[in-house]
Amino acid sequence: LNPGQRLCGIVQGGADEELRKKSVAGLQEIGFDGYGIGGLAVGEDVETMYKVLGFTVPHLEEEKPRHLLGVGYPEQIIKAVSFGIDTFDCVIPTRNARHGDLFVNRKEGGYEVLKINNQKYSEDFTPVDNTCNCYGCLQHNRAYLRHLFMIKEPLAIRLATMHNLRFYLNLMEKIRRAIEFDSFENLLQ
């Protein structure tokens, strides 16, 4: 182990509450610095994932980091935080960006996925998301980004990826602020 590096144990057990408890007990006996919750986001429906989080997280020490592997969409992240999850990893922002699917904020709240390859954006000279401060939104417009995708210019994927990652960073910032100001319940609605 490198100095300062932390080692996390991965809680497994599928959707079975007893197997999850047994996994947690075994990991606690070993004594890890934190926990990853694995075996979710691999095909089960989202309600099953929430159910498993509901009966798994209470068995993990609150002072140790809890990481949810492979999740997810913004609404899944917000809900998982409500169960006590601290960190996440997922391919969604980058994978979607490679295909021209961009996460954008809606004026009325929430988000939508803008499919930049659609013809309707060929003459749309507005930013991908006018609430976003990523390089692409500050310097370019939807028509230009669509053009880059159409000619298969690698810059298209780079700009789309930077945008989606900024969207997720902004989401995590909103979550932190909501927790800090005790308004997290508003995010769940």
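The values are calculated or read from the model by the stated rules, or taken from the named source; none is laboratory data. None of these values were measured; they are calculated from a predicted model. Cβ placement follows ideal geometry from the backbone for every residue including glycine, while neighbour counts extend to all protein chains displayed. With ligands, DNA and RNA removed, areas are computed over all heavy atoms of the protein, side chains included. Shrake-Rupley method; radii C 1.70, N 1.55, O 1.52, S 1.80 Å.
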*Hey, does the range 99-114 have a residue that's in a loop (DSSP other than H, G, I, E, B) and open to solvent by less than 20 Å² (accessible area, probe 1.4 Å)?*
yes
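One line per residue, one yes/no per condition, for (1) of a type in the set (A, V, I, L, M, F, W, C); (2) closer than 17 Å to residue 87 by Cα; (3) in contact with a helix residue (DSSP H, G or I) (Cβ under 8 Å, 6 or more places away or on another chain):
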position: 13; (1), (2), (3): no, no, yes
position: 17; (1), (2), (3): no, no, yes
position: 20; (1), (2), (3): no, no, yes
position: 24; (1), (2), (3): yes, no, yes
position: 27; (1), (2), (3): yes, no, no
position: 31; (1), (2), (3): no, no, no
position: 34; (1), (2), (3): no, yes, no
position: 42; (1), (2), (3): yes, no, no
position: 45; (1), (2), (3): no, no, no
_One residue from 42, 11 being of a type outside the set (Asp, Glu) and free of Cβ contacts under 8 Å to residues at least 40 places away in the same chain_ = 42
*When only residues in the range 38-68 that are open to solvent by less than 60 Å² (accessible area, probe 1.4 Å) and among the acidic types (Asp, Glu) count, which is farthest from residue 8 (Cα to Cα)?*
44
_When you scan the range 117-128, do you find a residue that is open to solvent by 70 Å² or more (accessible area, probe 1.4 Å) and closer than 30 Å to residue 39 by Cα, even just one?_
no
*Name the pairs whose Cβ atoms lie under 7 Å apart, with the first residue in the range 69-81 and over 17 Å from residue 58 (Cα atoms) and without any contact (Cβ under 8 Å) to a residue 40 or more places away in the chain, the second open to solvent by 20 Å² or more (accessible area, probe 1.4 Å) and part of a helix (DSSP H, G or I), and 6 or more positions between them or separate chains?*
76/46
*asked:* For the list (1) more than 12 Å from the chain's Cα centre (by Cα); (2) hydrophobic (A, V, I, L, M, F, W, C); (3) not in a helix (DSSP H, G or I), I need the number of the one condition that residue 137 fails.
replied: (3)
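Can you tell me which residue is least open to solvent (accessible area, probe 1.4 Å) among those in the range 146-189 that are of a type in the set (Asp, Glu) and outside any helix (DSSP H, G or I)? I'd like the intermediate steps shown before the answer.
To start, the set of residues in the range 146-189 that are of a type in the set (Asp, Glu) comprises 153, 173, 180, 182, 185.
Still in the list and also outside any helix (DSSP H, G or I): 153, 182.
Details: 153: 73, 182: 142 Å².
Taking the candidates together, the pick is 153.
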*Cross-chain or 6+ apart pairs with Cβ under 7 Å, the range 123-140 first and within 15 Å of residue 168 (Cα to Cα) and touching a residue at least 12 places away in the same chain (Cβ under 8 Å), then open to solvent by 30 Å² or more (accessible area, probe 1.4 Å) and among the polar types (S, T, N, Q)*: 129/105; 131/105
*State the number of residues belonging to the range 69-98 that are open to solvent by 10 Å² or more (accessible area, probe 1.4 Å), β-branched (Val, Ile, Thr) and part of a loop (DSSP other than H, G, I, E, B).*
1
*Hey, can you tell me all the residues within the range 14-52 that are closer than 14 Å to residue 68 by Cα and assigned to a loop (DSSP other than H, G, I, E, B)?*
14, 38, 39, 40, 41, 42
